[in-house]
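Remarks on the structure that follows.
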Amino acid sequence: MHYLKNASVQAFLRTVRSQTRKCNVRLALSPGYEVNGGGERCQGYFMEPDHKRGDHGALRVATGGRRASDWLFTLAHEYVHFLQWQRDDPIWREKDYYTFEMATEKEALALCKSLKLPIPRRVLLKEHRKYARKLLLESTR
């Protein structure tokens with residue numbers, strides 16, 4: 001839990017909480033190993049709010065049974081999805097899921113570096129490679 005006492009991590013969490021709240025998106029750091037997202041279990045997800053219906057959005061990340069560095073990177077990834085939606089980035093509407101997710105991963109890596117989050121580079125690259133392999137396997141099915 002020393003990660004949570006790190007000033008960079010605290011600033012990042014404050015920023016995520018503040019920005020999501022302003023955009024009617026509920027942030028949840030869930031104690032389970034996975035969260036329910038879109039009918040499947042996953043480590044995290046972002047869902048945009050439906051302003052027409054008055055529905056809240058959600059940004060949820062599972063923290064249980066995972067190293068803080070792992071769930072922090074998942075949070076950065078999902079936060080990038082939030083930012084893509086917020087700034088109406090064309091990548092947010094990208095039809096090719098692999099292209100969309102790889103662009104998100106690249107931005108999440110840059111975000112972690114720019115915010116000086118205490119996530120070892122080897123962990124970032126390992127998580128990135130693992131996710132890229134998973135996406136490739138899913139795209140070939």
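Figures for the structure shown
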{"quantity": "Test for Val80: is it farther than 18 Å from Lys130 by Cβ, in a helix (DSSP H, G or I), within 16 Å of the chain's Cα centre (by Cα) and of a type in the set (Val, Ile, Thr)", "calculated": "no"}
{"quantity": "Residue check, Val35 out of contact with any helix residue (DSSP H, G or I) (no Cβ under 8 Å at 6 or more places or on another chain), hydrophobic (A, V, I, L, M, F, W, C) and within 24 Å of Leu137 (Cβ to Cβ)", "calculated": "yes"}
{"quantity": "Check on Thr74, under 19 Å from Ser114 (Cβ atoms), β-branched (Val, Ile, Thr) and without any contact (Cβ under 8 Å) to a residue 12 or more places away in the chain", "calculated": "no"}
{"quantity": "Yes/no for Ala110 being among the small types (Gly, Ala, Ser), part of a helix (DSSP H, G or I) and crowded, with 18+ Cβ neighbours inside 10 Å", "calculated": "no"}
{"quantity": "Test: residue in the range 52-75 that is among the small types (Gly, Ala, Ser), modelled with pLDDT of 95 or more and touching a Leu at 6+ places or on another chain (Cβ under 7 Å)", "calculated": "no"}
{"quantity": "Pick from the range 59-74, criterion hydroxyl-bearing (Ser, Thr, Tyr) and within 16 Å of Leu111 (Cβ to Cβ), ranking: surrounded by the most Cβ atoms within 10 Å (Cβ to Cβ)", "calculated": "Thr74"}
{"quantity": "Every residue from the range 58-93 that is within 21 Å of Cys23 (Cβ to Cβ) and in contact with a Cys (Cβ under 7 Å, 6 or more places away or on another chain)", "calculated": "Ala76, Gln86"}
{"quantity": "Unique residue being in contact with a strand residue (DSSP E or B) (Cβ under 6 Å, 6 or more places away or on another chain) and either charged (D, E, K, R) or surrounded by 17 or more Cβ atoms within 10 Å (Cβ to Cβ) (or both) when the list is His128, His77, His81, His56", "calculated": "His81"}
{"quantity": "Tally of residues being more than 11 Å from the chain's Cα centre (by Cα), of a type outside the set (A, V, I, L, M, F, W, C) and assigned to a strand (DSSP E or B) across the range 33-47", "calculated": "4"}
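The values are calculated or read from the model by the stated rules, or taken from the named source; none is laboratory data. Everything quoted here is computed from the prediction, not taken from an experiment. When we count neighbours, we look across all protein chains shown, and the Cβ atoms used for this are built from the backbone with ideal geometry, even at glycine.
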